[in-house]
1. Between A:Lys44 and B:Ala151, what FRET efficiency comes out of the Förster formula 1/(1 + (r/R0)^6) with R0 = 22 Å and r the beta carbon distance, rounded to 0.05?
2. Please compare each pair in B:Lys72/B:Lys99; A:Lys44/A:Lys158; A:Lys158/B:Lys99; A:Lys158/B:Lys157 to a cut-off of 28 Å on the Cα-Cα distance and tell me which ones are over it.
3. I want to check the label-to-label distance for A:Thr110 and B:Arg41. Put each point 7 Å from Cα in the C-beta direction and report it in nm to one decimal.
4. Which loop trypsin sites (Lys or Arg not before Pro) in region B:35-79, with loop taken from DSSP, have no more than 14 other Cβ atoms within 10 angstrom of their Cβ?
5. Check A:Ile147: other-chain or 5+ apart residues with amide H under 5 Å from its amide H, H built from backbone geometry?
6. Calculate the mean, over all residues of peptide A:108-118, of how many other protein chain Cβ atoms lie within 10 angstrom of the residue's Cβ.
7. Could you work out the relative contact order of region A:31-103, using alpha carbon pairs under 8 angstrom and six or more residues apart, expressed as a whole percent?
8. If you take each beta carbon of peptide A:77-87 and count the beta carbons of other chains within 10 angstrom, what is the mean?
Amino acid sequence: MRLGQIQRTLALAVLALLTTSQSFVRAQGPAAAVSPESAFSIPKTQLLQPEELNFMLHAQGAKKPLVLQVGSHVLFSQAHIAGSEYAGPGSQEAGRALLQQRVAPLPRSTFIVIYCGCCPWERCPNIGRAFKLLHDLGFINVKALYIADNFGTGWVDKGYPVERGQ
Amino acid sequence: MACLLLGVCFAPCTSATASGAESLLDSKAPEFTRIDLKGKRVNLGRLRGKIVLLNFWATWCAPCQTEMPVFKEWQRQYGSQGLQVVGISMDDDDAPVRKLAAKLSLNYPVAMGDARLGMLYGGVLGLPLTYLIDRQGVVRARFQGETDPAAIETQLKQLLAR
């Protein structure tokens, strides 16, 4: 294994430890019953930290996930993850129809990462519904990007790659 | 520690941009003109002399809907002292906005925003987002996300007293 690969592997391992012990505490949500459409309904094993996704997007040779934004189009137009696609807000029927249309031709094993970042995680109306839809459609390799507060602070301000426009 | 580690492993992509919203503090508020839901012109420049509470919100944003009745009450309570609340909806279309504004009987203008207006304000990349603008048109405070109304009101009162 080359030195660079070892460094990257170690970095990812440390990141995983850090995020598991800190950020996921909030992502797990309240102990009470959780709505199947809430962000809290997403199993913590299916959450992906921004640092991890940024790492994946930079990793050479690795197969990149299909990254879909499932929030507002106005927010998407201002800034979105470089290479990601607008797939419609998960909280709205029209948005879910758009998402369903986008993924319809894909193999159910496709690695998909969905994200929103419109609101604090526990208040996001989109991510849980979009995740549930993909799960119900049979997709088995879906991750939800855990953005604690909003896309600005959780991704853009960290200097991770963004694009603007439609 | 994670940031340090990542900084060593690989630098952030050069195409990345910061939201820039923080840089608006103590700067002139970007000018804009919009037509509100009632068809009236909202021109920020024409509100000079008033304290403007500029609130970016959306119908799908739960914390926004918690704040709006509070802003409505402040408009009633502090309007005579020079407060003007302005709501900018970041919804993709106006139908749900009109419905909610009517339901809440808002007593301040609400206009539709878009990506261009969002970018003027450094990128509205999370809601709610509220700015307090002083009588000279300078941005004096910025509140991102779910905020204790008391924290906003404290700063609002300070600006009203000036």
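Laboratory data are not the source of any read-out in this text; all were calculated from the coordinates shown. Predicted model, so just to flag it, every value in this text is computed and none were measured. A quick note on method: Cβ atoms are made from the backbone with ideal geometry, for glycine too, and the neighbour counts reach across all protein chains shown.
1. 0.10
2. Those over the limit are A:Lys158/B:Lys99; A:Lys158/B:Lys157.
3. 4.8 nm
4. On the way: sites: B:Lys38, B:Lys40, B:Arg41, B:Arg46, B:Arg48, B:Lys50, B:Lys72, B:Arg76; in loops: B:Lys38, B:Lys40, B:Arg48, B:Lys50.
Of the trypsin sites (Lys or Arg not before Pro), the ones in loops of region B:35-79 whose Cβ has at most 14 other Cβ atoms within 10 Å are B:Lys38, B:Lys40, B:Arg48.
5. none
6. So the per-residue partner count for this stretch is 1.
7. Numbers: 56 pairs, mean separation 13.7, N = 73.
Computed over region A:31-103, the figure is 19 percent.
8. Values: counts 6, 13, 9, 1, 0, 3, 0, 0, 0, 0, 0.
Average neighbour count from other chains, rounded to a whole number: 3.
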